[in-house]
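The values are calculated or read from the model by the stated rules, or taken from the named source; none is laboratory data. Given the structure is predicted, the values throughout are model-derived calculations rather than measurements. Glycine gets a Cβ as well: all are built from the backbone with ideal geometry, and neighbour counts include every protein chain shown. Accessible surface areas use protein heavy atoms only, side chains included; no ligands, DNA or RNA. Shrake-Rupley method; radii C 1.70, N 1.55, O 1.52, S 1.80 Å.
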Amino acid sequence: MDSIKLRKEALEIEQEVIQIRRHIHENPELGFEEFETSKFIAEKLEQLGYEIIKNVGITGVVGILRGDQPGPCVLFRADMDALKVDENSGDPHASKKPGIHHACGHDGHVAMLLGFAKIISTWKSKIKGIVKLCFQPAEEGLAGAKKMIEEHVLENPNVDMCFGAHLVNYEYPGYVRCVPGPITANSDRIFIDIEGLGGHASTPQDAKDAVVIGCQLVTAMQTITSRNLSPYETGTISIGKIESGTQANVIASKCRIEGTVRSFNQKTQSLFEERLNQLCNGFAISYDCKINLVFKKLYPATINDQKCYELAIESIKKVVGESNLKKKDFGLAGEDFSFFSLQKPSCYFCIGSAPQNSLINDGTIALRPHHSPFFTIDESSLVIGVSIWVQMLEDIMC
Ligand SMILES: [Zn+2]
Ligand SMILES: [Zn+2]
């Protein structure tokens with residue numbers, strides 16, 4: 001393992017960055033409701049002398065720092081939303097809001113970008129170009145990135161390149177993942193409504209039980225990835241929510257199934273859509289009921305531009321060392337940073353944040369996975385992230 005060379009400016013503010021992360025972690029907010037987080041960020045940026053644009057995409061905040069010398073406009077992005085998950089991490093700085101947990105590490109993303117903002121706020125004279133710090137709402141399914149783009153975050157001044165990073169609990173601190181081309185997956189949503197016929201629990205012959213149909217449909221879907229998808233391709237279908245019925249002695253007339261579908265290429269995406277449609281239609285005939293499927297294409301894959309990728313890994317290598325940079329993607333995670341990567345040359349990478357002893361089976365299984373109640377990060381990852389941002393700015397814009 002190469003030794004890690006942290007930036008001394010980052011080390012000097014490490015405690016402050018950790019405190020920021022803890023403050024945001026204790027006070028999580030859901031997508032497009034990040035009002036306090038957004039206010040907190042805007043105040044910090046204002047104190048540091050940034051030009052501020054507030055309410056871009058409802059709660060989004062943009063900080064602009066104009067270098068004294070001409071050069072490109074580079075956007076650095078952190079998402080800031082939490083999830084509807086109960087926290088059971090056992091951390092002393094756990095969420096103060098029941099049912100809401102920064103279970104994806106976006107609190108860390110904000111803290112790293114604010115640390116970076118502080119360090120470079122005194123670098124105006126040596127910066128060639130314009131730095132745009134983008135604090136984005138609603139990454140988790142609500143496409144906050146798309147909304148910020150619709151509200152002109154990439155214009156005035158016009159952005160030339162975008163960079164984004166995610167903490168990842170499938171790598172320990174000190175490791176970074178980055179690949180050219182696709183680094184996150186197509187992330188789509190499915191909504192299935194089954195309409196059967198309600199009735200008395202004692203007379204099932206008069207009803208069409210939506211619970212039974214729904215359960216069988218969910219089970220049948222498992223064969224799409226196990227039996228229809230080639231073992232050499234990657235993809236997954238996960239059902240995260242089923243709603244049906246009102247009470248124990250009433251046969252349910254309706255069942256609602258919601259899930260997410262992930263794939264790396266269009267071929268797999270189309271296979272999933274086609275097979276889901278066939279299953280729903282087939283079930284409707286078999287069980288003499290109505291089934292409506294909505295397959296909503298949510299986030300496209302994030303594509304790393306070759307040139308931006310090369311720029312990014314040069315700086316990453318300087319901080320974590322060549323041997324700690326893994327040419328690996330973010331698995332089947334979806335990411336709305338993809339909307340930036342569709343518009344501008346971009347690069348996205350993953351910074352290891354797995355707590356000590358939380359990875360088993362060569363890192364394929366995480367005991368503190370994203371979106372779980374047990375999620376927490378090793379805070380030593382934060383100073384690494386800040387160091388990478390600072391190094392990148394120095395290499396690209398100074
Ligand atoms: Zn997430
Ligand atoms: Zn995330």
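Excluding ligands, DNA and RNA, what is the solvent-accessible area per residue of the chain at a probe of 1.4 Å, expressed in Å²?
43 Å²
Could you calculate the FRET efficiency of residue 314 with residue 365 from 1/(1 + (r/R0)^6), where r is the beta carbon distance between them and R0 is 35 Å, rounded to 0.05?
The computed FRET efficiency comes out at 0.65.
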To the nearest 0.05, what FRET efficiency results for residue 398 and residue 233 with a Förster distance of 45 Å applied to their C-beta separation? 0.55
Looks like the stretch 334-398, by Cα gyration tensor root eigenvalues a ≥ b ≥ c and the a/c under 1.5 rounded cutoff (else prolate when a/b is bigger than b/c, oblate otherwise), is oblate
Would you tally the net charge around residue 173, using a Cβ to Cβ cut-off of less than 10 Å, leaving residue 173 out, and scoring K and R as +1, D and E as -1? -3
Give the accessible area for residue 398 in Å² (nearest 10); use a 1.4 Å probe, count only protein heavy atoms, and leave out ligands, DNA and RNA. 50 Å²
Taking the chain as a Gaussian network, Cα atoms linked when under 10 Å apart, which of 71, 199, 174 shows the biggest mean-square fluctuation? 199
Result row for the chain, helices from DSSP H with C-alpha axial extent 24 Å or more and mean Kyte hydropathy at least 0.0, is 380-397
Please give the peptides 214-222, 109-117 ranked by average Cβ packing (other Cβ atoms within 10 Å per residue), highest first, as a rough proxy for protection. 109-117, 214-222
Pairs of alpha-carbon atoms within less than 8 angstrom and 6+ residues apart define the contacts here; what relative contact order does the stretch 17-173 have, in percent? 34 percent
Evaluate the relative contact order of the chain (contact order divided by residue number), counting alpha-carbon pairs under 8 angstrom at least 6 apart; express in whole percent. 25 percent
Protein-only accessible surface order, largest first, of 227, 21, 66 at 1.4 Å: 227, 66, 21
Indicate the gyration tensor shape class of the stretch 75-169 (rounded, prolate or oblate), computed on the Cα atoms with a ≥ b ≥ c the square roots of the eigenvalues: a/c under 1.5 is rounded; otherwise a/b larger than b/c is prolate and the rest oblate. oblate
Tell me the net charge near residue 339. Cut-off is 13 Å between Cβ atoms, residue 339 excluded, with +1 for each Lys or Arg and -1 for each Asp or Glu. -1
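Explain nothing, just the number: relative contact order of the stretch 186-299, from Cα pairs under 8 Å at least 6 residues apart, as a whole percent.
The value is 43 percent.
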Report the per residue volume, in Å³, of the convex hull enclosing the C-alpha atoms of the stretch 194-284. 88 Å³
Could you tell me what percent of the accessible area of the chain is made up of carbon and sulfur, with a 1.4 Å probe and every protein chain present? 50 percent
Is the stretch 1-114 best put as rounded, prolate or oblate by its Cα gyration tensor, with a ≥ b ≥ c the root eigenvalues, rounded for a/c under 1.5, and otherwise prolate when a/b is larger than b/c, oblate when not? oblate
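Let me know the volume per residue of the alpha-carbon convex hull for the chain, in Å³. Kindly include the intermediate steps, with their values, before the conclusion.
On the way: hull volume 57.7 nm³, N = 398.
It is 145 Å³ per residue.
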Taking the chain as a Gaussian network, where each spring joins two C-alpha atoms under 10 Å apart, which residue of 232, 172, 287 fluctuates the most? 232
Out-of-range pairs (alpha-carbon distance over 31 Å; input 39/124; 97/128; 54/128): 97/128
Where in the stretch 209-234 is the amide nitrogen less than 13 Å from a point lying 7 Å along the Cα-to-Cβ axis of residue 267? 229-234
FRET efficiency estimate (nearest 0.05) - Cβ-Cβ, residue 285 to residue 219, R0 25 angstrom: 0.90
Enumerate cysteines in the chain without a disulfide-compatible partner, where compatibility requires another Cys Cβ under 4.7 angstrom. 73, 104, 134, 162, 178, 215, 255, 280, 289, 350, 398
